[in-house]
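A.B. asks: My questions will all concern the structure given below.
The values are calculated or read from the model by the stated rules, or taken from the named source; none is laboratory data. What you see is a predicted model, and the numbers here were worked out from it, not measured in a lab. All Cβ positions, glycine included, derive from the backbone under ideal geometry; neighbour counts span all protein chains shown. Note: areas computed on protein heavy atoms with side chains; ligands, DNA, RNA excluded. Shrake-Rupley method; radii C 1.70, N 1.55, O 1.52, S 1.80 Å.
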Amino acid sequence: MSLVMIGLEIHAQITAINSKLFCTCRGNYRDLKPNTNICEICCGLPGTLPIINRKAIEYSTMISIALGCKVPNKIMFYRKNYFYPDLPKNFQITQYNVYGFSSIGAEGIFELDDSKKIRITRIQLEEDPGRIVYLEGGMNVRNSALIDYNRAGVALIEIVTEPDFTNPKEVRLFLNKLSLTLEHLGVCDTLLEGSVRCDVNVSIKGGNKVEIKNINSFKEVEKAINYEITRQNSMFNRNIKIDSETRHWDDRKKITFKARSKEEEHDYRYFPEPDIPVIILGDNFVSNLQDHMPELPNQRFDRFVSKYKLSEHTSNILINDKKLADFFEATLKLYFSPMEIANFLITDFKSLIEDDIDSSDYLRNLKVKPAHIAELVKMIEGNKISRITAKDILVKIFDSGKLPSEVANNTNSFKIADEKTLMDAVESVFNTEKSAVEDARTNHEAINFLLGKVMKFTNGRADPKIAIRLINNRLNESN
């Protein structure tokens with residue numbers, strides 16, 4: 001048995017649908033005033049009936065397929081009863097594997113990049129609770145909080161793993177790859193606040209399981225696990241009993257603290273949801289979805305390597321940022337030069353957007369579009385501008401949104417290929433760098449110094465191939 005056993009419960013909102021899971025309230029609640037996105041169905045008032053969102057079933061099935069889960073022919077919903085301020089109904093409509101019915105997915109296998117296999121216990125479709133907003137000071141030091149029910153009822157996927165992780169790094173790799181999968185499926189915008197959340201179960205040396213909740217980011221997940229392993233090891237070494245409990249993560253103090261004793265499954269008093277009948281997916285439901293599913297990250301990686309002849313390293317960088325990979329392929333449709341475009345995006349372009357990369361719209365809101373990059377790379381390959389000049393032009397495009405050719409014309413950035421003009425530059429360098437000229441007659445490497453001076457004299461615009469030929473001709477004349 002591993003000394004450390006870690007299991008995850010990931011909650012991912014289906015942000016691709018416009019409405020909640022069982023009613024017509026908006027699925028995107030983030031820009032609304034508190035408690036304005038809720039109706040009688042969200043509250044479970046007498047006389048109301050939930051109506052299942054078909055798209056939510058389709059998207060959750062796609063997730064199950066992508067994570068290698070079995071999808072049953074029939075699914076059923078249950079009431080999970082617990083009393084908490086963020087539940088307007090005092091119960092949650094969810095799924096549960098019992099009475100011969102399973103949730104939308106079960107018994108899956110998801111492989112990490114290092115080939116380690118993580119078992120997926122189940123994937124269930126359920127409604128999100130509301131939000132508890134704690135006032136300044138955090139949940140463990142204040143005795144009051146605010147409740148916002150706008151999120152209550154939003155379609156949510158819960159992905160439960162077996163305790164197959166043995167360290168925080170594996171967890172982080174899994175979460176990153178899972179997020180990438182959700183983004184490629186187009187079901188969840190993982191950069192939206194609260195769209196993906198993670199609870200962690202940690203135990204050491206076969207002891208009791210401790211659940212950690214309220215972790216706000218994947219970086220914090222790693223920190224929370226590290227802290228909890230250290231805490232439990234310390235208790236174990238001092239012969240202090242480790243209780244099975246639910247703890248919360250304080251991201252300011254970087255500690256976990258006890259919230260309550262851990263509930264058991266029977267505490268929730270699951271029973272079939274009486275207002276939603278058994279849903280029969282049908283024999284062709286899964287196969288039809290598989291035929292129309294978007295390309296998954298691994299499939300896209302293989303295509304980038306085989307079709308575009310990109311290196312595995314370059315392909316990985318692009319695939320690990322779906323928006324950048326989409327931008328790359330949109331550029332290829334305008335000018336097909338995969339390796340040059342990929343390298344330009346990864347080096348020059350990406351370095352200019354690092355500060356905005358955590359924003360969900362960081363590429364959509366840029367003035368630089370695929371058409372700009374396509375024209376810029378075409379100008380590089382057409383020997384009209386140098387790579388150094390191209391980066392300078394790119395910076396100007398970020399500010400203006402003008403096409404590269406227009407910027408190049410306005411700033412006199414095109415390469416100088418006219419031999420007379422370049423010969424004037426060479427002569428000027430020979431007159432001012434006489435010692436370097438003498439050195440270049442016996443040391444071929446010194447010619448590069450002279451070339452650099454010519455490039456500087458022409459503000460980087462000299463065509464280096466023509467310039468080096470003229471320098472060599474001039475040196476031979478001197479002899």
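A.B. asks: Quick check on this structure: which one of L3, L49, L8, L45 is closer than 30 Å to S234 by Cα and open to solvent by 50 Å² or more (accessible area, probe 1.4 Å)?
C.D. replies: None of the other options fit; the residue is L3.
A.B. asks: If the requirement is being within 26 Å of I255 (Cβ to Cβ), touching a strand residue (DSSP E or B) at 6+ places or on another chain (Cβ under 8 Å), in a strand (DSSP E or B) and in contact (Cβ under 8 Å) with a residue 24 or more places away in the chain, which of these qualifies: E211, E126?
C.D. replies: Of the residues listed, the single one that is within 26 Å of I255 (Cβ to Cβ), touching a strand residue (DSSP E or B) at 6+ places or on another chain (Cβ under 8 Å), in a strand (DSSP E or B) and in contact (Cβ under 8 Å) with a residue 24 or more places away in the chain is E211.
A.B. asks: So in segment 397-412, with the set limited to residues that are at negative phi and open to solvent by 90 Å² or more (accessible area, probe 1.4 Å), which one is nearest to the chain's Cα centre (by Cα)?
C.D. replies: So, considering only residues that are at negative phi and open to solvent by 90 Å² or more (accessible area, probe 1.4 Å), the one nearest to the chain's Cα centre (by Cα) is D399.
A.B. asks: Among the candidates K384, K420, K391, which residue alone is open to solvent by 60 Å² or more (accessible area, probe 1.4 Å) and part of a loop (DSSP other than H, G, I, E, B)?
C.D. replies: The conditions single out K384.
A.B. asks: Find the residue count for segment 230-240, including only residues that are in contact (Cβ under 8 Å) with a residue 24 or more places away in the chain and surrounded by fewer than 17 Cβ atoms within 10 Å (Cβ to Cβ).
C.D. replies: 2
A.B. asks: Do you know which residues across segment 158-193 are open to solvent by 20 Å² or more (accessible area, probe 1.4 Å) and in a loop (DSSP other than H, G, I, E, B)?
C.D. replies: Selection gives E162, P163, D164, T166, N167, G186, D189, T190, L191, L192, E193.
A.B. asks: Kindly establish whether F430 is part of a helix (DSSP H, G or I), among the hydrophobic types (A, V, I, L, M, F, W, C) and surrounded by fewer than 16 Cβ atoms within 10 Å (Cβ to Cβ).
C.D. replies: Against the criterion (part of a helix (DSSP H, G or I), among the hydrophobic types (A, V, I, L, M, F, W, C) and surrounded by fewer than 16 Cβ atoms within 10 Å (Cβ to Cβ)), F430 does not qualify.
A.B. asks: Shifting gears a bit: Can you spot a residue in segment 355-366 that is out of contact with any Leu (no Cβ under 7 Å at 6 or more places or on another chain), within 27 Å of G452 (Cα to Cα) and surrounded by fewer than 20 Cβ atoms within 10 Å (Cβ to Cβ)?
C.D. replies: No: zero hits.
A.B. asks: Anything in segment 11-41 that is among the aliphatic types (A, V, I, L, M) and open to solvent by 30 Å² or more (accessible area, probe 1.4 Å)? List them, or say none.
C.D. replies: A16, L32, I38, I41
A.B. asks: Residues K456, K415: which one is farther than 21 Å from E381 by Cβ and within 43 Å of the chain's Cα centre (by Cα)?
C.D. replies: Going through K456, K415 in turn, the sole match is K456.
A.B. asks: Could we say that K415 is crowded, with 17+ Cβ neighbours inside 10 Å, of a type in the set (D, E, K, R) and touching a residue at least 24 places away in the same chain (Cβ under 8 Å) here?
C.D. replies: yes
A.B. asks: Considering segment 270-327 alone, what residues qualify as being open to solvent by less than 60 Å² (accessible area, probe 1.4 Å) and on the phi > 0 side of the Ramachandran plot?
C.D. replies: G282
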